[in-house]
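See below for the structure under consideration.
The values are calculated or read from the model by the stated rules, or taken from the named source; none is laboratory data. What you see is a predicted model, and the numbers here were worked out from it, not measured in a lab. Backbone-built Cβ (ideal geometry, glycine too); neighbour counts: all protein chains shown. Quick note on the areas: whole protein, heavy atoms, side chains included, nothing else; ligands and nucleic acids left out. Shrake-Rupley method; radii C 1.70, N 1.55, O 1.52, S 1.80 Å.
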Amino acid sequence: MSTQFNLSKKDHLILQSYMSVLDGLAEFLGGSFEIVLHSLENLDSAAIKVINGHYSGRKEGAPITDLALQMLNEIKHSGNNHKNLVYSNCNSRGTPIRSATLPITGEKGRIIGLICINFYQDVPLYTFIEGLFKLPEHRGDFSETFATNADELIESSILQASTEVINNPSISSVNRNKEIISILYGRDIFRLKNAVPKVAERLGLSKNTVYLHLRHLQLDQGKK
């Protein structure tokens, strides 16, 4: 008889949302890692998404592993349903594996699924390094600001946008503020709480003027 966990519609949606998380992890970590998303609705066919399953031979519909059951039991007995477990184990061939079991919680804080990540340590070093550092062909280099607070992020974004506009000779001086606001709008900076007053202060404008530019940008976007 199959072991069943009754999952709600919301629980199913939560598990479904992790599908793209696994795709992102696989893209980031490379091909040296096996990643499996388990649903606890039916332990006999728990694997609902498997990435790089060639390492273990598992596919979608595979049962939960005995070790995953042990890890699940350990998490439950810890009294902390958000407890992540990182550990070493090996497969039936004796291959050493570094693993992580990460619980997924649903309604009422109960565990509804697991993300299991396995790094098979017999993977050739060049394969491991290539997987970590090789970027997808469609991705380039990005600049990211690791601000300590929202105001710092806003200030940094204004500086970046201002530099871009000043260094663009095709933008006249009378249109610079408008272009700076347009760049910041395109980067969603105005979703931050103090963005409008900060931008107005740095550009020497009134808040109403900034809001006016934003309304025009929203109207233009709505026409597309």
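Summed over the range 69-93, residues that are open to solvent by less than 50 Å² (accessible area, probe 1.4 Å) and either modelled with pLDDT under 85 or not polar (S, T, N, Q) (or both) total 7.
Just checking, does the range 132-148 include any residue being at pLDDT 70 or above, of a type outside the set (A, V, I, L, M, F, W, C) and either open to solvent by 60 Å² or more (accessible area, probe 1.4 Å) or outside any loop (DSSP other than H, G, I, E, B) (or both)? The answer is yes, given that some residue of the range 132-148 is at pLDDT 70 or above, of a type outside the set (A, V, I, L, M, F, W, C) and either open to solvent by 60 Å² or more (accessible area, probe 1.4 Å) or outside any loop (DSSP other than H, G, I, E, B) (or both).
Working only within the range 163-202, note down all residues that are more than 19 Å from residue 221 (Cβ to Cβ) and either touching a residue at least 40 places away in the same chain (Cβ under 8 Å) or basic (Lys, Arg) (or both). Answer for the range 163-202, where residues must be more than 19 Å from residue 221 (Cβ to Cβ) and either touching a residue at least 40 places away in the same chain (Cβ under 8 Å) or basic (Lys, Arg) (or both): 176, 193, 194, 198, 202. Only one entry of 53, 30 meets the criterion of being at positive phi, of a type outside the set (Val, Ile, Thr) and open to solvent by less than 30 Å² (accessible area, probe 1.4 Å), and that entry is 30. Go through the range 51-66 and give me each residue that's closer than 15 Å to residue 102 by Cα and either among the hydrophobic types (A, V, I, L, M, F, W, C) or touching a helix residue (DSSP H, G or I) at 6+ places or on another chain (Cβ under 7 Å) (or both). Scanning the range 51-66 gives a single hit, 64.
Table: residues versus (1) closer than 16 Å to residue 215 by Cβ; (2) modelled with pLDDT of 95 or more; (3) surrounded by 13 or more Cβ atoms within 10 Å (Cβ to Cβ).
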| position | (1), (2), (3) |
| --- | --- |
| 160 | no, no, yes |
| 175 | no, no, no |
| 180 | no, yes, yes |
| 186 | yes, no, no |
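Out of 66, 23, one residue alone is over 23 Å from the mean Cα position of the chain (by Cα), open to solvent by 60 Å² or more (accessible area, probe 1.4 Å) and of a type in the set (D, E, K, R). It is 66. Among the residues of the range 100-117, those identified as surrounded by 15 or more Cβ atoms within 10 Å (Cβ to Cβ) and in a strand (DSSP E or B) are 100, 101, 102, 103, 104, 111, 112, 113, 114, 115, 116, 117.
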